[in-house]
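**Q** There's a structure below that I have some questions on.
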Amino acid sequence: MDQSIDAAAGADSEGAARAPSAELVPVVLSARSAEALHAQAAKLRSHLEQQSDLAQRDLTDLTNTAYSLATTRVPMEHRAVVVAGDHGELMESLVGLADGEPAGGVVHGTARSGRRTAFLFSGQGAQRLGMGRELYAAFPVFAEAFDAVVAGLDAHLDRPLKSVVWAEEGSDDAVLLNQTAYTQTALFAVEVALFRLVESWGITPDYLAGHSIGELAAAHV
């Protein structure tokens, strides 16, 4: 834990690049027992308190902290996730977690071994304008998979799929997203790209299922 905390306080630029910032950041902790998990929360809070510049640290710093804690330790059975928008929120939530009391932004539980993983791909109705755009910008694996699918589908569409999926609200292209030809091709492209992204992180499912166009996406991947 000491090494993980030290790494969290000074994550390198490579770590920051692979963990893009967001409005809320999940900070994960794990331990062999509930008592050890509470102790880790207290230790992390104490460590952060010793940093005199804590008030000036921004969301990127928080993302670096979260990234290092998630990647520098082997996950153990007892786990907790603190969802915070800044270090102040993180510190407040760590107080409750350290005391074993309910706290806002904290989810904790025990991982069960021997369980299997299933992915379910959704069907028509799950579409929204702009879906996948932030992931496309942040993750090359997602972008590459999305582009490959779109390139194959565009040959069968009257309008480029990207211009429809990422159309401006209220535009003529935006209206097309609710037409079946574009709804289903857009969902297929996003779902395949999402699968390839998660797959690149070493997560593979034991089972795949889907509804409507999601069934085709499941069969494809």
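**Q** Per residue of the chain, what 222 nm ellipticity follows from adding -39500 (n - 2.57) for every DSSP H run with n ≥ 4, rounded to the nearest 500?
**A** Here the helix-only value at 222 nm equals -15500 deg cm²/dmol.
**Q** Keeping the other protein chains in place, figure out the carbon and sulfur percent of the accessible area of the chain, with a 1.4 Å probe.
**A** Carbon-and-sulfur percentage of accessible area, whole number: 52.
**Q** Around Ala103, what is the net charge, scoring Lys/Arg as +1 and Asp/Glu as -1 over all other residues with Cβ under 12 Å from its Cβ?
**A** -3
**Q** Right, something else. Can you give the net charge of the other residues whose Cβ lies under 10 Å from the Cβ of Val28, counting K and R as +1 and D and E as -1?
**A** +2
**Q** So what is the accessible area of segment 144-203 per residue, in Å², with the probe set to 1.4 Å?
**A** 51 Å²
**Q** With the cut-off at 1.5 for a/c, could you classify segment 30-140 from its C-alpha gyration tensor as rounded, prolate or oblate?
**A** Taking the square roots of the gyration eigenvalues as a ≥ b ≥ c, segment 30-140 is oblate.
**Q** Looking at the chain, what % of its DSSP beta bridges pair antiparallel, to the nearest 5?
**A** The answer is about 75 percent antiparallel.
**Q** Please give the helix 34-49 orientation as an angle from the longest Cα principal axis of the chain, in degrees from 0 to 90, rounded to the nearest 10.
**A** The answer is roughly 80 degrees.
**Q** Taking the Cα atoms only, what angle lies between the long axis of helix 87-99 and the longest principal axis of the chain, rounded to 10 degrees?
**A** Long axis of 87-99 versus the principal axis of the chain: about 60 degrees.
The values are calculated or read from the model by the stated rules, or taken from the named source; none is laboratory data. Quick caveat, the model's predicted, so the values are computed rather than measured. Backbone-built Cβ (ideal geometry, glycine too); neighbour counts: all protein chains shown. Ligands, DNA and RNA are stripped out before the accessible areas are found, and what is left, the full protein with its side chains, is counted by its heavy atoms. Shrake-Rupley method; radii C 1.70, N 1.55, O 1.52, S 1.80 Å.
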